[in-house]
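Nothing in this text is a laboratory measurement; each read-out follows from the coordinates by a stated rule. Source: prediction; values computed, not measured. Please note: Cβ atoms are built from the backbone with ideal geometry, for glycine as well, and neighbour counts cover all protein chains shown.
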Amino acid sequence: MLQCHARGCNTNNFPLELSEVEIQVLETDYNPQFLRNMIPKLDWNALVVTAKKVGITAVPDVLPETMNEDIDENFLRNLHRILLETHVQQGKMTCPNCKHVYSIRDGIPNMLLNDEA
Amino acid sequence: MSRPEHQAPPEIYYNDDEAKKYTSNTRIQSVQAEMTYRALELLSLPENESSFLLDIGCGSGLSGEILDEEGYIWVGMDISPAMLQVALEREVEGDLFLQDVGQGMAFRPGTFDGAISISVLQWLCNADHTSHNPKTRLTRFFSTLYSSLRRGARAVFQFYPENDDQCELIMNTAMRCGFEGGLVVDYPNSKKAKKYFLCLFAGQSAPGVKQQ
Ligand SMILES: [Zn+2]
């Protein structure tokens with residue numbers, strides 16, 4: 001869901017590329033309604049690329065067609081695992097354009113920029 | 001008592017001690033809770049939908065806890081590492097970001113269904129560093145916020161304006177960034193209870209209409 005926000009960095013600034021990650025999975029309530037609400041907001045390619053970076057391959061490369069009433073429960077469960085239960089505890093996110101590196105510590109990404117930027 | 005935003009920049013003012021003090025103060029807790037509920041009311045989100053919210057200046061997660069209770073999924077950001085540390089210790093559900101909102105936000109367009117912010121906006125009007133220009137920072141903030149909201153989403157800010165000029169600067173900047181909306185003043189005649197809520201609408205779609 002993140003893109004680079006360094007000033008003047010407006011193109012090709014997404015998705016931020018994860019590296020040196022340490023993952024923690026925390027179980028949380030499954031909420032199919034929230035997931036349905038999120039699907040149209042996701043950039044599917046970016047999600048797949050990012051998921052693979054953290055070792056998750058349970059999502060299809062292409063968003064399934066049947067996005068109406070009967071979405072596959074299994075699909076939603078996997079999405080739930082990725083969006084809500086997988087937390088990057090430590091790591092780095094690098095902007096593909098300007099190469100700015102945002103570090104993640106204790107699960108909190110540091111999005112501060114130098115003020116001159 | 002002088003205003004905290006005049007004493008030091010927020011990331012300095014809310015150090016470890018201040019963050020703990022702030023969070024464990026029951027009066028602050030109840031005022032925060034009350035303002036959070038009021039902000040949610042003003043957001044008027046569709047019922048029975050699990051909205052995705054942004055908490056701007058989430059601090060130690062006092063309002064986040066209410067968002068958790070109310071069943072919202074949320075993301076919080078704050079400039080004070082000490083406050084975020086307390087939020088971690090309190091095990092709030094939301095994802096946390098260390099961020100200076102005056103530098104703009106990095107969320108994909110249309111990510112959030114709404115945003116709330118409790119007692120933060122006035123901090124943005126300060127020039128804590130020589131390179132800070134309140135107007136530039138407000139513009140950066142409102143324009144990136146606008147794009148991170150889905151069309152028709154609302155953002156509600158409780159804040160303590162210092163004077164009319166500051167209010168006007170904030171309002172004008174928000175409008176220039178595309179927002180519509182206005183100020184709601186609760187208890188206007190009570191010096192103590194008076195509360196300002198800036199309510200902004202992103203895009204002009206009618207409430208209740210589903211957007212893609
Ligand atoms: Zn960049």
Residue B:39 over 15 Å from the mean Cα position of the chain (by Cα) and of a type in the set (Gly, Ala, Ser): no
Of the listed residues (B:71, B:110), the one being under 23 Å from residue B:176 (Cβ atoms), facing chain A (nearest Cβ under 10 Å) and either in a strand (DSSP E or B) or over 14 Å from the mean Cα position of the chain (by Cα) (or both) is B:110
So how many residues does the stretch A:13-31 have that are part of a strand (DSSP E or B) and either free of Cβ contacts under 8 Å to residues at least 24 places away in the same chain or within 16 Å of the ligand (Cβ to nearest atom) (or both)? 3
Looking at (1) surrounded by 22 or more Cβ atoms within 10 Å (Cβ to Cβ); (2) within 8 Å of another protein chain (Cβ to nearest Cβ); (3) assigned to a loop (DSSP other than H, G, I, E, B), can you tell me which one residue B:60 breaks? (2)
Of the residues in the stretch A:37-60, those that are within 9 Å of chain B (Cβ to nearest Cβ) and more than 16 Å from the ligand (Cβ to nearest atom) come to A:37, A:38, A:40, A:41, A:42, A:43
Can you tell me which residue is surrounded by the fewest Cβ atoms within 10 Å (Cβ to Cβ) among those in the stretch A:68-109 that are under 25 Å from residue A:5 (Cα atoms) and of a type in the set (A, V, I, L, M)? A:101
Report the residue count in the stretch A:16-31 for those that are more than 9 Å from chain B (Cβ to nearest Cβ), surrounded by 14 or more Cβ atoms within 10 Å (Cβ to Cβ) and either under 24 Å from residue B:144 (Cα atoms) or in contact with a helix residue (DSSP H, G or I) (Cβ under 8 Å, 6 or more places away or on another chain) (or both). 4
